[in-house]
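> Here's a structure for you.
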Amino acid sequence: MKHKLSALLALAAAAAMSAGVYAADYPYGDADADKMLTASDATLVLQKVLDEKTVMPIETAVTDYMSIVNADGDEALTASDAAMIMQKVLDENVVFPIESAASDADAVFEGDIVLADGASTYSGTGGVVIDNAANKVTITAPGTYNVVGTLSNGQIIVDVEEKYTSNNVELDFNGVNITNTSGPAVYGLNGDIDISAKKGTTNTLSDGTPTEFETETAEDGTVTTTDEPDACVFSHDGLKLKGSGELTINGNYANGVSGKDEVVIQKLTLTVNSVDNAIKGSDSVTVKSGTLNLTSAEGDGIRCTKGDVIVEDGNITINGTDDGIFTKAGNIIVSGGTLDVTVIPSGTADTETYNYDGIHTKVGTIEITGGNITVKSYCDAIQAASDLTINGAAVMNITTTGAISSSNTQGGGFNFGGYAGNTTADISAKGIKSDTNLIIDGGANITVNSTDDSLHTNGTITIANADITLSAGDDGVHADSVLTINDGCTLNVTKSYEGIEAEKIYINGGELTLYSSDDNINAAGGNDGSSQGGFNTNADGYIEINGGYIYCENSVSSGDGVDSNGKIYMNGGVLLVNGPTSNGDTSIDTGDKSGDGFYYNGGTVFSVGSSGMAESPTASSGYIVTYGINGMGMGGPGGGMGGRPGQQQQGGTTGGTYGAGTQLTLADASGNVVATFTVKTTAQAVIIGSDLITAGNTYTLYSGGTYSGTLDANGYASGGTITGGTKIASGTVSAKVTALS
């Protein structure tokens with residue numbers, strides 16, 4: 001019996017070692033190596049102890065038989081090992097098969113893969129299967145694998161067996177060149193993949209059209225063929241591209257990189273050239289750092305189908321064709337880095353096929369809190385389907401080039417519209433656009449040069465602490481609903497059809513400089529398409545000025561300075577208007593049909609322009625003087641065509657005309673200056689309101705003269721004194737609105 005037991009033990013050990021079995025492959029002491037834990041295992045172990053007649057130290061070799069049967073792990077083989085095995089059998093009350101050891105499931109392997117056509121090799125631990133006939137290397141176990149060499153027509157496959165607790169495989173590329181003419185160069189079937197290009201190395205992956213595509217089976221048993229794998233680097237699980245080296249990916253079939261889970265890029269110098277999307281992720285795409293050069297011939301630079309696109313840092317250059325960055329169902333978040341996106345067609349734009357947008361969400365938000373962002377696009381540069389927030393010290397340079405016509409002039413000298421659509425297709429080429437709400441704050445520095453609106457929202461816009469310069473083919477700033485501008489905002493609209501436009505406009509602070517060919521400020525209501533012949537008939541327009549410094553200048557002969565289809569309230573701040581020369585327009589225009597339009601309650605207003613359509617302000621809590629307003633406006637509907645219906649002004653005169661370069665000054669009887677302003681266009685009608693004007697005092701309007709103070713960049717000042725000059729008109733203030741004569 002003794003010899004029989006010994007023989008059995010020897011056979012068990014030999015079987016285990018010949019199979020390359022690790023000690024822990026047989027937990028609790030599967031002494032006979034039959035993959036079953038039974039009472040016979042306890043008997044075999046106890047017999048071994050009795051045969052040796054001593055407590056024997058256990059060696060640590062992985063194939064050592066003693067390690068296999070050492071159940072209690074105390075580095076000695078004793079009767080307690082047999083007792084533990086037996087107790088386990090009794091506890092389970094069954095004889096059960098042993099599937100795999102816990103230590104085996106937790107194992108992480110490593111080794112060296114040397115690629116060579118028909119002669120690839122592997123040295124190390126773990127599961128690596130090499131098929132040199134097909135030039136394929138398959139990794140079946142988690143771990144870190146050092147990879148070198150070339151496959152001129154081959155592939156690395158990652159397919160980690162389900163038995164492992166971890167499914168992460170790291171491929172350390174140390175000079176790898178893989179071309180596969182019939183599918184992905186790296187194909188992930190199961191397991192998270194980290195591709196790390198090691199420092200000082202250059203690595204290249206290229207794919208071709210797959211000869212086999214994956215299939216899906218429906219509940220009814222129907223089998224359909226998918227379009228996957230569709231990338232040079234394709235993974236069904238998580239995918240990370242990292243390292244201090246260089247990696248070039250050529251997506252000759254479709255996408256460069258495609259991950260069905262999250263895709264992360266970190267530290268790497270990555271170049272992707274693709275037919276379709278350069279980088280495509282499902283759950284998310286995150287760029288943490290690195291230098292990325294992404295080029296797509298027919299798709300997006302970065303695309304995510306279900307989750308967010310996140311840019312934390314790095315230097316990213318994108319040349320896309322459809323979109324630069326796009327997410328179908330998530331958000332786009334940029335907090336740092338340098339981002340340079342170009343989406344401009346090389347030839348004639350095909351807007352039926354491509355979006356040509358720079359940064360675009362289909363349903364989600366865009367949040368920008370930092371970074372240096374440059375976008376050049378044919379259509380919208382930055383477009384959010386939901387809220388768009390710029391809340392941080394981001395530096396942004398935005399350009400759109402879409403073929404937008406900005407003139408549609410008809411007879412009589414009247415301009416009947418700004419944005420007239422695309423010359424070849426109906427497109428949108430706005431600079432920064434939100435389909436809901438746009439918020440700008442936090443010290444952003446933004447420059448936009450757009451062929452359409454520069455800032456646009458179908459909802460509301462709120463601007464606070466930011467430095468913004470806009471040049472627009474249509475509106476500088478357009479909100480379908482409410483536009484609010486607060487302290488800390490510097491807004492410079494150098495060119496526009498209308499400077500700022502919304503149904504309701506609130507200016508609470510900031511410094512605004514507005515140049516336009518039509519209205520500098522327009523409260524019309526509705527969207528771009530709500531006007532009739534260029535004139536919006538919505539009487540809900542409303543402008544409220546509570547603070548800030550506003551300079552308006554009409555760059556052509558037509559267009560109003562400040563135009564509301566409803567009312568205008570001025571409660572504070574400084575408003576300077578160089579209005580139109582056309583008698584079909586005026587410097588301040590309201591559309592209130594009751595005869596109550598422009599309410600002045602405080603601050604400073606100095607407005608000049610043509611007199612043909614000029615309207616007098618409404619009686620209010622502050623004091624205003626006017627010159628050159630005859631009150632005989634055409635009384636057109638909705639404010640678009642002139643003064644309020646039937647509104648007349650007592651006294652006054654139509655006055656003269658004072659051309660560009662004329663300094664006009666309002667002073668009291670002692671020569672103390674209420675306000676002085678150098679005309680940039682033409683002054684026939686003048687409106688001046690100031691907190692310095694008081695009842696019972698006489699005020700005179702002068703041209704020329706010597707001013708004791710210093711004019712600001714727009715030719716305006718208040719305070720100081722004037723000497724000399726030519727008297728134009730004067731009057732004693734006895735009412736809220738006084739006409740000088």
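> Counting other C-beta atoms within 10 Å, which of Met613, Met86 has the fewest, and how do the rest follow?
Ascending number of Cβ neighbours within 10 Å: Met86, Met613.
> Taking other Cβ within 10 Å of each residue's Cβ, how do Ser284, Ser587 sort, fewest first?
Ser284, Ser587
> Next question, about the same structure. For region 133-180, taking Cα atoms only, what is the radius of gyration to one decimal and the Dmax to the nearest whole Å?
So, for region 133-180, Rg and Dmax equal 11.6, 34 Å respectively.
> Take the alpha carbon atoms of region 570-584, find their center, do the same for region 496-522, and report the distance between the two centers in whole angstrom.
11 Å
> Please report Glu219, Glu298, Glu170 as a ranked list, fewest other C-beta atoms within 10 angstrom at the top and most at the bottom.
Glu219, Glu298, Glu170
> On the first, second and third principal axes, largest extent first, how far apart are the outermost C-alpha atoms of region 225-275 in Å?
Principal-axis extents of region 225-275 (Cα, largest first): 38, 22, 9 Å.
> Across every pair of different alpha-carbon atoms, what Kirkwood hydrodynamic radius in Å does region 100-186 reach?
13.1 Å
> If you don't mind, there's one more thing I want to ask. What residues qualify as long-range amide H neighbours of Asn315, i.e. H under 5 Å apart, gap of 5 or more or another chain, H built at 1.01 Å from N?
Under 5 Å from the amide H of Asn315: Gly290, Thr291, Leu292, Thr338.
> Continuing with this model, one more query. For a 21 Å ceiling on Cα separation, which of these pairs sit above it: Lys136/Lys199; Lys280/Lys433; Lys48/Lys163; Lys430/Lys495?
Lys136/Lys199; Lys280/Lys433; Lys48/Lys163
> Something else about it: Using the scaling law 2.2 N^0.38 Å as the reference, what is the normalised Cα Rg of region 569-608?
With N residues counted in region 569-608, Rg over 2.2 N^0.38 Å equals 1.27.
> Determine, for each peptide in 567-575, 310-318, 476-484, the mean count of other beta carbons within 10 angstrom over its residues, then list the peptides with the highest first.
Going from most to least packed, we get 476-484, 567-575, 310-318.
> Another one. If you take the Cα atoms of region 154-275, find Rg, then find the Kirkwood Rh from the mean of 1/r over all pairs, what is Rg/Rh?
Taking Rg over the Kirkwood Rh, I get 1.00.
> Need one number for region 274-324: average projected area of the convex hull over its C-alpha atoms, nm².
3.0 nm²
> Could you give me the ³J(HN,Hα) list for region 205-217, computed from phi with Karplus coefficients 6.51, -1.76, 1.60 and θ = phi - 60°, whole Hz, x at Gly and Pro?
Each residue's phi maps through the Karplus curve to give 10, 9, 10, x, 5, x, 8, 9, 10, 6, 10, 10, 10 Hz.
> Using per-residue counts of other Cβ atoms within 10 Å, averaged over each peptide, order 709-716, 507-514 from highest down.
Per-residue mean Cβ counts within 10 Å order the peptides as 507-514, 709-716.
Any read-out appearing in this document is the output of simple, stated calculations on the displayed coordinates, not a laboratory observation. Here the structure is a predicted model, which is why all the values come from computation and not from measurement. Reconstructed Cβ throughout: ideal geometry from the backbone, glycine too, with neighbour counts over all protein chains shown.
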